[in-house]
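Trainee: What follows is a structure written as structure tokens; I'll ask about it next.
The values are calculated or read from the model by the stated rules, or taken from the named source; none is laboratory data. All of these numbers come straight from a predicted model, not from anything done at the bench. Here the Cβ is made from the backbone with ideal geometry for all residues, glycine too, and neighbour counts use every protein chain on show.
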Amino acid sequence: MPEVRVVNLTKKFGNIVALDNVNLVIHDKEYFSLLGPSGCGKTTLLRLIAGLIEPDSGEIYIGGKRVDNVPPEDREIGFVFQTFALFPHMTVWENVNYGPRVKNFDLKAAGTIGHEVLELVKLHERLNAYPNELSGGMMQRIAVARALAAGAKTLLLDEPLGQLDAKVRNEIRYEMRRMAKDLNLTAIHVTHDQAEAMSISDRIAVMKKGKIVQVGTPQELYMKPNSLFVAYFIGESNFLEGSVVEAKDSELVIELRGGDKVKVFGEGLKKGERAVVVVRPEVFMVEQKKQGENVLKGTVEKISFEGTFVRYEIKLRSEDSVVVIRPSLTEKWFEVGAGITLSFEPEKAHVFPYPETSLAEELSV
Amino acid sequence: MSAKKPLKYTMYLAAVAVFFALILLPPIIGIFIKWNTIEEVLGQPALMHRALIAVVNSFVIALFVSALDVVAGVPLAWLITRGKSKWLNVLDTFADIPFIVPTAALGYSLLLFWNGPEGLSALFGGSLISTGWLLVALLHFTFSYPIVVRVFVGALLDYKREYEQASRTLGAPPFIAARTVTFPILKPALIAAFILSFARSLSETGATFIVAGAFENGPVFLQNMRNAFSNGLVSQATYEGATIFASLILIVTSLSIFALIRILGSRLRLPFNRVWPSIERKLSYTKATASRNTVTLLVFLAIVLLPSLFVALPAFQALFTEHFSAAISGSGLWTDYWQSLLISYLLGAIVTVIGLIVGLPMAILIARKKFGGFIATVLDLLINVPLIVPSIALGVSLKFFWQSFAFMPEFILLIFAHLAITYPYIVRSISAAFERISVDIEDAARTLGAKPFDVFRTIMLPLTKYSILSGAIMVFTRSVSETGATLAVVTNLQTAPVVIVNWVRALQNPALNANITPSVVGLGCGILIVFSFIILLLLRLITRGKGRY
Ligand SMILES: Nc1ncnc2c1ncn2[C@@H]1O[C@H](COP(=O)(O)OP(=O)(O)O)[C@@H](O)[C@H]1O
Ligand SMILES: [Mg+2]
């Protein structure tokens with residue numbers, strides 16, 4: 001039921017446009033992430049949905065009902081703050097029971113709910129502890145339990161894992177998704193960590209400077225980024241600058257800086273225009289010598305071993321550097337200084353017009 | 001690290017030493033110097049009874065007024081910090097006005113407003129409120145109300161609103177969120193506000209005396225005894241004995257009450273466990289909020305602001321008379337006036353600066369329990385002593401004490417007296433602010449490589465800026481308006497309130513000085529208020545940072 005929809009939402013703080021005419025639909029029972037660099041307006045959007053701040057213009061719907069004039073306590077949402085905001089003067093149990101209490105649930109039912117959610121987050125032993133006696137991971141789980149106990153149907157999570165150490169973070173993120181799925185909740189999860197968003201989300205909205213750049217499943221965003229920014233922010237990419245020398249329908253030949261010519265597929269580019277070719281590190285194939293299509297020559301500058309993969313930094317003839325990732329066990333390694341020939345399949349690369357400002361500006365956050 | 005430690009402890013020890021040597025002990029020793037006179041009172045049951053009744057009256061009024069202050073002041077603080085209108089800043093500054101009206105002028109102003117034929121009473125044919133306990137209660141409400149507002153505005157600005165927002169998202173309407181989350185978290189500030197206004201009500205002398213009529217509370221009793229002694233109606237020993245007897249009971253009883261508040265306060269659970277969703281919901285939304293704000297503003301305007309400023313009304317008429325040009329040119333009785341104004345502001349500035357210097361380490365010592373929890377609690381209690389001693393008693397006992405050092409110039413004596421009176425304000429407001437800030441933040445800064453002083457300068461100072469400012473404002477305004485102790489201490493030197501008290505007396509008794517008219521008094525008060533108001537505004541502008549914390 002709780003589909004969340006925002007229409008033409010704009011929010012300014014003084015001169016800062018924190019959200020710029022945002023439109024978004026989050027489906028019922030979806031685990032959805034808002035992903036973007038710090039300061040892009042994720043928290044602002046989440047707080048607007050929760051009703052903690054008021055929009056300058058636009059509409060917000062939860063479960064098909066317009067909620068712009070509904071106060072936060074009546075929006076049937078649960079909000080997990082980045083700092084958790086556990087009430088310092090209440091015990092764990094009182095924190096968890098706060099929602100049922102202020103919503104005047106029948107006391108027995110409230111108790112049952114409290115026990116259930118604490119069971120769910122596996123924190124039953126610490127009922128009488130105060131928040132300042134808990135570890136970060138525990139506080140995070142209490143914060144979620146507290147939101148759930150209040151009967152939230154939509155869970156709004158503002159960087160819920162941001163305060164936790166890496167190992168705990170990796171464990172808890174799957175738990176969060178499992179819990180939301182088990183309870184049939186709609187979850188909106190804010191994060192600046194693309195790996196986190198990719199691993200747990202049904203869909204992701206990538207944001208930049210108050211705008212939504214692309215919405216899609218993790219695979220779509222990875223495979224078909226709609227912009228240089230998304231290609232840059234999701235996963236890892238190499239950016240090769242050049243200009244279009246041949247254009248036949250969507251089949252383009254780009255002459256890169258340094259003179260190499262590559263074939264790629266892309267729409268909307270005309271002969272003579274400047275372009276940026278995007279190639280993921282694992283798309284490059286390596287052989288020591290090869291002639292033919294989409295071949296780039298370079299020298300290995302740096303090797304780092306990352307367990308499953310080896311990572312090479314390769315300097316091309318054009319002086320551009322590219323990153324290449326290869327499996328570490330099934331292939332022969334190259335030495336630093338070795339000459340290397342890279343190639344890639346045209347279908348697996350992307351091409352975008354060169355940005356109006358500059359590449360660096362376009363990718364800046 | 002180990003080389004730094006002694007230095008740090010020296011600083012805290014010095015702060016404690018200064019507190020004992022300059023602030024706590026002189027008035028107490030002053031009392032003990034005259035200890036033997038107390039027998040004088042014990043031999044007069046009627047007088048003793050009268051003193052006891054007066055002291056009980058003091059406590060009843062103080063309790064009643066402070067409770068009312070919190071009920072009426074917190075909504076205004078809320079409106080000031082949470083409202084959206086730009087005018088709220090003005091309101092915020094206006095809330096300080098009753099602070100800067102010298103209490104004697106305030107008393108006279110209230111008398112005019114509620115009782116005199118020029119004020120409200122004109123509408124009712126006869127005096128609306130006659131002198132006595134009700135007028136005393138109104139007066140005390142008027143001057144202690146701004147204290148509660150000031151302290152609570154500071155607390156609300158330092159408060160992390162996420163707690164309240166969390167409560168809202170969990171289903172609590174604004175009223176329940178405030179009652180179950182915000183207020184309990186801000187409980188230390190509520191208690192501090194209560195204690196400050198309680199103490200102020202217990203100790204105020206100058207204004208209370210003007211409106212008391214036949215009613216006697218502790219300070220009025222003391223003033224009456226003093227007057228009886230000046231008029232030769234009682235012996236010096238009886239006067240001194242009664243002063244010491246009443247002061248002692250006031251001090252001991254209030255210390256016990258504060259100790260009780262201190263101990264019970266931390267146990268007292270504000271969120272009464274029950275909530276009444278349907279009623280409290282109704283209280284939460286626009287209609288209820290709007291009427292609450294209206295009532296709050298009305299109370300502020302009608303009971304606090306208007307009566308405080310009423311005395312300045314004749315000043316407007318005076319603007320077009322020869323009084324105004326006389327005042328501007330500083331001729332006649334205005335020579336003394338301008339000089340006294342200068343002395344008052346100079347005194348206020350000196351006292352504020354010294355108070356900040358000696359009070360800050362003490363505040364940190366208490367808030368961070370540098371010498372352990374027990375010592376912190378004891379110091380915290382002792383800090384209050386100068387607050388609760390009626391200012392006239394404080395002045396008298398300070399004089400008893402410092403008289404033994406005949407070389408002490410009067411101005412220095414005055415600095416000591418004002419320092420003693422204002423010291424608790426600065427320590428209270430800063431220590432409450434420090435208590436609200438997690439030790440983690442300090443630790444974080446330390447681990448980032450900041451030296452203790454850097455932590456203070458770069459972290460704690462910015463975070464507690466508003467509270468320190470409000471402490472400084474209280475000290476300054478309190479010093480500029482202090483009447484009772486000043487009157488008791490000085491013989492030649494005149495501060496602005498002393499001049500005004502003398503004028504008010506002359507007004508009530510034209511034999512003293514026939515040149516004094518209501519316009520003169522109004523103009524005198526008006527000028528003082530305007531100047532103090534400008535200084536307050538400047539203070540605010542200077543310290544207004546980029547963000548409010
Ligand atoms: N209360 C506020 N007052 C002023 N500016 C704000 C406020 N909240 C957010 N901003 C600004 O709005 C922009 C977006 O902030 P935010 O939504 O917190 O970003 P994110 O959560 O993506 O890091 C930032 O430039 C931030 O400085
Ligand atoms: Mg954020």
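Trainee: Is it the case, given these coordinates, that residue A:80 is within 16 Å of ligand 2 (Cβ to nearest atom) and not acidic (Asp, Glu)? Let's see the steps before the verdict.
Mentor: Working: within 16 Å of ligand 2 (Cβ to nearest atom): yes; not acidic (Asp, Glu): yes.
Considered against the rule, which asks whether it is within 16 Å of ligand 2 (Cβ to nearest atom) and not acidic (Asp, Glu), residue A:80 comes out as yes.
Trainee: Something else now. If you scan region B:130-171, which residues turn out to be in contact (Cβ under 8 Å) with a residue 60 or more places away in the chain, part of a loop (DSSP other than H, G, I, E, B) and either within 14 Å of chain A (Cβ to nearest Cβ) or in contact with a helix residue (DSSP H, G or I) (Cβ under 6 Å, 6 or more places away or on another chain) (or both)?
Mentor: We begin by selecting, within region B:130-171, every residue in contact (Cβ under 8 Å) with a residue 60 or more places away in the chain; these are B:130-133, B:135-159.
From the residues that got through so far, the ones that are part of a loop (DSSP other than H, G, I, E, B) too are B:130-132, B:159.
Answer for region B:130-171, where residues must be in contact (Cβ under 8 Å) with a residue 60 or more places away in the chain, part of a loop (DSSP other than H, G, I, E, B) and either within 14 Å of chain A (Cβ to nearest Cβ) or in contact with a helix residue (DSSP H, G or I) (Cβ under 6 Å, 6 or more places away or on another chain) (or both): B:131, B:159.
Trainee: Okay, moving on. Tell me the helices (runs of 4 or more DSSP H) entirely within region A:116-205 that contain at least 2 residues that are in the same structural domain as residue A:82 (by TED's automatic domain parsing) and loosely packed, with under 15 Cβ neighbours inside 10 Å.
Mentor: A:166-182, A:194-200
Trainee: Considering A:271, A:224, which residue is of a type outside the set (S, T, N, Q) and outside the structural domain of residue A:320 (by TED's automatic domain parsing)?
Mentor: Result of the check over A:271, A:224: A:224.
Yes or no, residue by residue, for (1) of a type in the set (Asp, Glu); (2) closer than 18 Å to residue A:27 by Cβ; (3) within 14 Å of ligand 1 (Cβ to nearest atom); (4) more than 14 Å from every other protein chain (Cβ to nearest Cβ):
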{"site": "A:157", "(1), (2), (3), (4)": "no, yes, yes, no"}
{"site": "A:164", "(1), (2), (3), (4)": "no, no, no, yes"}
{"site": "A:175", "(1), (2), (3), (4)": "yes, no, no, yes"}
{"site": "A:182", "(1), (2), (3), (4)": "yes, yes, no, yes"}
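To keep it simple, each residue is scored yes or no on (1) among the aliphatic types (A, V, I, L, M); (2) assigned to a helix (DSSP H, G or I); (3) at pLDDT 80 or above; (4) crowded, with 21+ Cβ neighbours inside 10 Å.
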{"residue": "B:417", "(1), (2), (3), (4)": "yes, yes, yes, yes"}
{"residue": "B:443", "(1), (2), (3), (4)": "no, yes, no, no"}
{"residue": "B:478", "(1), (2), (3), (4)": "no, yes, yes, yes"}
{"residue": "B:501", "(1), (2), (3), (4)": "yes, yes, no, yes"}
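Trainee: While we're on this one: So in region A:7-28, with the set limited to residues that are within 14 Å of chain B (Cβ to nearest Cβ) and within 16 Å of ligand 2 (Cβ to nearest atom), which one is farthest from residue A:78 (Cα to Cα)?
Mentor: My answer is A:16.
Trainee: Could you tell me which of the residues A:229, A:265 is away from chain B (no Cβ under 14 Å), in contact (Cβ under 8 Å) with a residue 12 or more places away in the chain and either surrounded by 15 or more Cβ atoms within 10 Å (Cβ to Cβ) or among the small types (Gly, Ala, Ser) (or both)?
Mentor: A:229
Trainee: If we keep just the residues of region A:92-115 that are out of contact with any Gly (no Cβ under 7 Å at 6 or more places or on another chain) and part of a loop (DSSP other than H, G, I, E, B), which is nearest to the other protein chains (Cβ to nearest Cβ)?
Mentor: The qualifying residue nearest to the other protein chains (Cβ to nearest Cβ) is A:104.
Trainee: Oh, and also: So which residues in region B:296-307 are touching a residue at least 60 places away in the same chain (Cβ under 8 Å) and either surrounded by fewer than 13 Cβ atoms within 10 Å (Cβ to Cβ) or polar (S, T, N, Q) (or both)?
Mentor: Scanning region B:296-307 gives a single hit, B:296.
Trainee: Can you spot a residue in region A:10-19 that is assigned to a loop (DSSP other than H, G, I, E, B), farther than 19 Å from residue A:144 by Cβ, more than 10 Å from ligand 1 (Cβ to nearest atom) and at pLDDT below 95?
Mentor: no
Trainee: If you don't mind, there's one more thing I want to ask. Does region B:213-232 contain any residue that is of a type in the set (Ser, Thr, Tyr), in contact with a Gly (Cβ under 9 Å, 6 or more places away or on another chain), assigned to a helix (DSSP H, G or I) and away from chain A (no Cβ under 13 Å)?
Mentor: no
Trainee: Anything in region B:326-345 that is over 10 Å from residue B:495 (Cα atoms) and aliphatic (A, V, I, L, M)? List them, or say none.
Mentor: Looking only at region B:326-345, we keep the residues that are over 10 Å from residue B:495 (Cα atoms), and these are B:326-335.
The answer is B:326, B:327, B:328, B:333.
Trainee: Which of the following residues is of a type in the set (A, V, I, L, M) and modelled with pLDDT of 95 or more: A:70, A:7?
Mentor: Testing whether each residue is of a type in the set (A, V, I, L, M) and modelled with pLDDT of 95 or more leaves just A:7.
Trainee: Out of all the residues in region B:222-232, is one or more buried (at least 24 other Cβ atoms within 10 Å of the Cβ) and charged (D, E, K, R)?
Mentor: No, there is no match, as no residue in region B:222-232 is buried (at least 24 other Cβ atoms within 10 Å of the Cβ) and charged (D, E, K, R).
Trainee: Considering B:180, B:253, B:208, B:243, which residue is within 14 Å of chain A (Cβ to nearest Cβ), touching a residue at least 40 places away in the same chain (Cβ under 8 Å) and hydroxyl-bearing (Ser, Thr, Tyr)?
Mentor: Residue meeting the stated conditions: B:180.
Table: residues versus (1) crowded, with 17+ Cβ neighbours inside 10 Å; (2) within 16 Å of ligand 2 (Cβ to nearest atom); (3) over 25 Å from residue B:282 (Cα atoms).
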{"residue": "A:30", "(1), (2), (3)": "yes, no, yes"}
{"residue": "A:34", "(1), (2), (3)": "yes, yes, yes"}
{"residue": "A:46", "(1), (2), (3)": "yes, yes, yes"}
{"residue": "A:51", "(1), (2), (3)": "yes, no, no"}
{"residue": "A:57", "(1), (2), (3)": "no, no, yes"}
{"residue": "A:64", "(1), (2), (3)": "no, no, yes"}
{"residue": "A:68", "(1), (2), (3)": "no, no, no"}
{"residue": "A:73", "(1), (2), (3)": "yes, no, no"}
